[in-house]
1. Can residue 375 be described as on the phi < 0 side of the Ramachandran plot, modelled with pLDDT of 95 or more and of a type in the set (Ser, Thr, Tyr)?
2. Enumerate the pairs (first residue in segment 99-117 and farther than 16 Å from residue 1 by Cβ and among the hydrophobic types (A, V, I, L, M, F, W, C); second residue anywhere and open to solvent by 30 Å² or more (accessible area, probe 1.4 Å) and not in a helix (DSSP H, G or I)) with beta-carbon separation below 6 Å, excluding pairs fewer than 6 apart on the same chain, so at least 6 apart or on different chains.
3. Does residue 543 count as surrounded by 11 or more Cβ atoms within 10 Å (Cβ to Cβ), in contact with a helix residue (DSSP H, G or I) (Cβ under 7 Å, 6 or more places away or on another chain) and at pLDDT below 90?
4. I need the full set of residues from segment 311-336 which are farther than 30 Å from residue 402 by Cα, touching a residue at least 12 places away in the same chain (Cβ under 8 Å) and either open to solvent by less than 80 Å² (accessible area, probe 1.4 Å) or not in a helix (DSSP H, G or I) (or both), in order please.
5. (1) open to solvent by 60 Å² or more (accessible area, probe 1.4 Å); (2) farther than 20 Å from residue 278 by Cβ: which one isn't true of residue 417, the others all being true?
6. Just one of 527, 494 is loosely packed, with under 11 Cβ neighbours inside 10 Å and of a type in the set (Asp, Glu); which is it?
7. Among the candidates 341, 419, 362, 346, single out the residue that is under 26 Å from the mean Cα position of the chain (by Cα) and part of a helix (DSSP H, G or I).
8. Hey, can you tell me all the residues within segment 196-220 that are under 16 Å from residue 446 (Cβ atoms), open to solvent by 10 Å² or more (accessible area, probe 1.4 Å) and not small (Gly, Ala, Ser)?
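The values are calculated or read from the model by the stated rules, or taken from the named source; none is laboratory data. Because the structure is a prediction, the values reported are computed rather than measured. Cβ: placed from backbone, ideal geometry, glycine included. Neighbour counts: every protein chain shown. These accessible areas exclude ligands, DNA and RNA; they are computed on the full protein's heavy atoms, side chains included. Shrake-Rupley method; radii C 1.70, N 1.55, O 1.52, S 1.80 Å.
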Amino acid sequence: RNGFACMMLADLFELGQFLFVVIFTTFLLCCVDYDVLFANRPLNHSQAGTDRAKVTLPDAVLPAPQCAQRIRASGWVIFMLVMASVFWLYRLVKVLCSVLGYWEIRSFYIKALNIPSEALCNHSWQEVQARLMALQRRQQLCVHKKELTELDIHHRILRFQNYTVAMVNKSLLPIRFRLPLLGTVVFLTQGLQYNLELLLFRGPGALFQNAWSLRPQCKRAGARRELAQQLARAMVLLGVANLLLCPCVLLWQLLYAFFSYAEGIKREPGSLGARRWSLYGRHYLRHFNELSHELRARLSRGYKPATNYMNSFSSPLLAVLAKNVGFFAGSILAVLIALTVYDEDVLTVQHILTTLTLLGLVVTVSRSFIPDEHTVWCPEQLLQRVLAHVHYMPDHWQGNASRAETRSEMAQLFQYKAVFILEELLSPIITPLILIFALPPRALDIIDFFRNFTVEVVGVGDICSFAQLDVRSHGNPQWLSAGHTEASAYRQAEDGKTELSLMRFAIAHPRWQPPRPSELFLSQLKEQVQRDAATAVPARQALPEGTLAASLLS
């Protein structure tokens with residue numbers, strides 16, 4: 001997060017944004033005379049003059065006593081202000097505690113790691129990690145073991161994230177729904193994720209009793225049903241709490257979305273058609289022991305290939321409709337713009353600016369449905385380019401890149417920005433329903449997951465066993481680890497998650513010493529790659545030189 005100053009300012013400005021939204025919204029509701037602002041009621045000025053016939057902003061603002069009286073007269077405004085004040089004070093305490101933590105981290109970097117704040121941007125994560133490991137050898141920061149490995153450090157940083165990635169990989173989370181017309185829908189928002197973290201990791205009754213240790217009863221098979229009942233009860237209670245707070249949270253989501261996106265949509269309506277990696281996609285595509293900045297960099301490299309793949313699909317029917325709608329709207333817009341250029345008084349006509357804005361929006365949206373006439377349709381090659389960066393895709397996508405089902409499943413990972421905004425707005429309504437009705441039936445499976453896939457590592461604490469990158473315990477025979485795995489189907493990671501995570505971690509940390517089975521798997525994989533490279537015919541030798549060959553190779 002770029003150092004102490006950036007972290008502190010970001011948290012303080014977040015507090016300031018919340019305060020601004022609350023105060024500004026209250027001002028707009030109670031302190032503005034909209035009859036005067038919209039000229040529905042004439043002004044009675046004591047001074048004569050044509051210049052005073054125009055309405056100014058101060059004319060539409062009510063005096064402070066009248067504004068305060070309006071606030072006191074509205075019970076629901078007072079209730080919302082009280083709720084907002086309580087939440088803001090809670091956030092203030094959290095920010096103050098965070099700032100103290102940030103200062104300790106800053107002091108550790110300066111004094112222990114010898115990295116001054118001004119030089120922080122010049123150091124890579126690998127350099128910081130190497131200094132930390134050297135410091136452990138000199139000063140024994142972790143008293144339970146002499147040396148910390150790269151994997152130990154990642155286990156401590158990503159303890160809870162590895163559990164989440166594993167639960168998504170085993171399809172335990174998130175909840176999938178089948179809806180009419182929409183098919184299978186995966187719903188995972190920031191609000192739902194926050195509630196899941198409270199239930200499993202950070203809440204007062206969570207499965208983890210502190211930042212490094214699972215509650216002892218979670219490791220006993222005899223207590224699984226009792227724990228499942230407690231977890232299901234906690235889910236329902238948390239869902240009821242979310243339901244009670246739904247009006248406040250929904251109002252905040254609407255206001256924050258309006259203030260955040262309205263200006264951008266007005267300036268660039270096509271931004272709603274841009275895509276982003278969904279929250280579910282980030283968990284599904286994340287390797288075990290992959291830090292957040294590494295994940296962001298990898299998905300950023302895959303952004304353009306994924307956009308090209310999704311844009312390669314187009315509906316001929318929608319294209320025809322969009323061309324004609326765009327033509328009619330563009331024609332009217334052109335005439336209005338020409339009239340405005342000829343005489344700017346046209347802008348004073350009532351609703352003319354609204355009409356221009358809406359017509360511009362219609363034209364922009366229509367153009368987004370019209371495919372580029374120079375695009376060559378090659379979905380298989382485009383999907384392979386996506387796979388080169390994101391590393392994961394279901395087996396049934398292979399050879400089916402041109403199918404609509406593949407595209408719709410890809411859209412769950414790589415969603416429209418408009419869909420992301422809509423999901424976040426609906427989250428305060430849907431999240432309580434998921435917590436009350438959909439999650440409790442899975443409580444026993446979640447308890448079993450934590451009991452079966454938790455191991456205790458000396459000097460690290462309780463971690464997800466998948467994060468140990470051991471192909472013998474969690475390997476998949478279909479992913480080149482045949483003969484090296486003893487894992488049952490229940491213990492195997494899906495989609496080659498263990499093998500791919502192991503390869504990525506070994507490449508990123510060449511000095512790391514993996515477990516013996518994993519080391520054997522890596523050595524055999526390298527030999528296989530070298531054999532394939534030696535026997536493969538170079539592409540430029542397989543085709544004759546010339547324009548046709550260059551076109552095919554491209």
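1. Numbers: on the phi < 0 side of the Ramachandran plot: yes; modelled with pLDDT of 95 or more: no; of a type in the set (Ser, Thr, Tyr): yes.
So residue 375 fails the test.
2. Taking only residues 6 or more apart or on different chains, the pairs are 110/116.
3. Numbers: surrounded by 11 or more Cβ atoms within 10 Å (Cβ to Cβ): yes; in contact with a helix residue (DSSP H, G or I) (Cβ under 7 Å, 6 or more places away or on another chain): yes; at pLDDT below 90: yes.
When the stated conditions are applied, residue 543 passes them.
4. 329, 330, 333, 336
5. So the condition that residue 417 fails would be (2).
6. 527
7. Numbers: 341 fails: under 26 Å from the mean Cα position of the chain (by Cα); 362 fails: under 26 Å from the mean Cα position of the chain (by Cα); 346 fails: under 26 Å from the mean Cα position of the chain (by Cα).
Sole residue among the options that is under 26 Å from the mean Cα position of the chain (by Cα) and part of a helix (DSSP H, G or I): 419.
8. 196, 197, 198, 199, 201, 202, 215, 217, 219, 220 - these are the residues of segment 196-220 that are under 16 Å from residue 446 (Cβ atoms), open to solvent by 10 Å² or more (accessible area, probe 1.4 Å) and not small (Gly, Ala, Ser).
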